[in-house]
Amino acid sequence: MQRQVVEVPGLSEVFRKSGVPLSAAIKANGFVFVSGLPPMDPATGAFIKGDVVAQAERSLANVKLVLESAGSSLDKVCKVTVFASNAGYFKAINEVYQRYFPHNPPARTFVAVGSWPAEFDIEFECIAVA
């Protein structure tokens, strides 16, 4: 089994500087495993705050960036997990999500969570074919 850490422009540096022990993604056995990605600006490391639609846009743009850095793409995603701080955001998140996965969307789980150690309301993780 080959396991490769994926280096992602901007995000990998932000994660290293934050001291959080994670990789944005790992490639292994023909798959890409993408960590939960919050609405973080990869250029500055700052979180997008406020509107959940803007947060979902940034988080999914991060997912796209990570997948492309791994040699994959959104159309190769098999499974997505959505973590949100409020189940009431379901409709707004779906509106953004449909723009990123307009045809044959991947399997998905939506989970409402209590809190995170930073100020954001959403995070996406996924598994894709490499």
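The values are calculated or read from the model by the stated rules, or taken from the named source; none is laboratory data. A quick note: this is a predicted structure, and the numbers were derived from the prediction, not measured. Here the Cβ positions follow ideal geometry from the backbone for every residue, glycine too, while neighbour counts run over all protein chains shown. For the accessible areas, the whole protein counts, side chains as well, though only heavy atoms, and no ligand, DNA or RNA atoms are used. Shrake-Rupley method; radii C 1.70, N 1.55, O 1.52, S 1.80 Å.
Classify region 34-130: rounded, prolate or oblate, from the alpha-carbon gyration tensor (a ≥ b ≥ c, eigenvalue square roots; a/c under 1.5 rounded; otherwise prolate if a/b is larger than b/c)?
Here region 34-130 falls in the oblate category.
Charges were assigned to the Cβ only: +1 to each Lys and Arg, -1 to each Asp and Glu. The resulting dipole of the chain about its Cα centre is roughly 320 debye. Projecting the Cα atoms of Val63, Pro39, Asn29 onto the charge dipole of region 11-66, computed from C-beta unit charges around the Cα centre, puts Asn29 farthest toward the positive end. Which of rounded, prolate or oblate describes region 1-40 when judged by the alpha-carbon gyration tensor and an a/c cut-off of 1.5? Here region 1-40 falls in the prolate category.
I'd like the carbon and sulfur percentage of the solvent accessible area for the chain, probe radius 1.4 Å, heavy atoms only, ligands and nucleic acids excluded. Intermediate results must be reported in sequence, preceding the final value.
On the way: 3710 of 6800 Å².
That fraction is 55 percent.
For region 1-73, the solvent-accessible area works out to 49 Å² per residue, with a probe of 1.4 Å and every protein chain left in place.
Span-like helix check, the chain: qualifying full DSSP H segments, with Cα axial length of 18 Å or more and mean Kyte-Doolittle of -1.0 or more, are 52-69. About the centre of its Cα atoms, region 11-73 shows a dipole size close to 160 debye [charges on the beta carbon of Lys, Arg (+1) and Asp, Glu (-1) only; nearest 20 debye]. Shown here for region 1-74: trypsin sites (Lys or Arg not before Pro) in loop regions (DSSP other than H, G, I, E, B) with at most 12 other Cβ atoms within 10 Å, namely Lys49.
Neighbours of Gly30 by Cβ distance under 14 Å: Lys/Arg scored +1, Asp/Glu scored -1, total +3. Over 22 Å apart at the Cα level, from the set Lys17/Lys76; Lys27/Lys49; Lys49/Lys79; Lys17/Lys49; Lys17/Lys79, are Lys17/Lys76; Lys27/Lys49; Lys49/Lys79; Lys17/Lys79.
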